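Shown next, in C-alpha cells, is the structure this report addresses.
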Amino acid sequence: MAEEWDISPGTTLLRSELHDRWGGARFGGIEPAPRAESVFLFYKPDVRSAFGYDYDGAQPDGTFHYTGDGQVGDQLPTVGGNKSLLDAPRRGRTIRLFRAAGTMVTYEGAFKLIGQPPYFQAEAKDGKRELR
C-alpha cells in the first residue's frame with residue numbers, strides 16, 4: 001500500500017528529496033513513481049526551446065501541454081516515459097506535474113489525460129535542432 005500523498009500545490013523542494021521519498025529516476029522528464037502510485041512530469045520553462053519542447057505549458061482552456069519523452073528524434077507513444085504516462089490511468093496512477101529550476105522542483109498539482117488519443121502530433125526541432 002502506498003503512502004498517502006501529502007505535498008500541496010506550490011510546495012518547492014529538492015528533486016532528490018522528492019525521489020528519495022517517492023521513487024522514480026532523478027533526471028528524466030517523465031518518471032514513474034510507484035511508491036506514490038504516480039507518474040511525475042517535470043518541465044523547465046526556461047530551457048524548453050533548447051530541446052524542442054516549444055509546446056509545453058498552460059493553455060488558455062486550462063489544459064497543460066507536455067512534450068513527450070526524449071530530447072532527440074521522434075517521441076513514440078508506445079515507449080519509455082510516454083508509455084508510462086499513457087498507461088497511468090489504466091494502472092491507477094496519478095499524474096503529478098512539477099516545474100523545475102535547477103535542483104529544485106515546485107509541485108503544480110495532479111492532472112488527467114483528456115481526449116482520445118490523449119495526445120497530438122506536431123513538428124518541432126529536437127535537441128540537435130533537427131526536425132522531428
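The table below gives the values:
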item: Rounded FRET efficiency, nearest 0.05, which uses the C-beta distance separating Lys83 from Met104 and R0 of 30 Å; result: 0.60
item: Accessible surface, 1.4 Å probe, highest first, among residues Phe27, Phe120, Phe111; result: Phe27, Phe120, Phe111
item: Potential lengthening between Ile114 and Glu3 on full extension [0.36 nm per residue; Cα-Cα distance subtracted]; result: 37.3 nm
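The values are calculated or read from the model by the stated rules, or taken from the named source; none is laboratory data. Quick caveat, the model's predicted, so the values are computed rather than measured. FYI the Cβ positions are ideal-geometry reconstructions off the backbone, even for glycines, and counts take in every protein chain you see. Heads up: the accessible areas ignore ligands, DNA and RNA and are worked out on the full protein's heavy atoms, side chains in. Shrake-Rupley method; radii C 1.70, N 1.55, O 1.52, S 1.80 Å.
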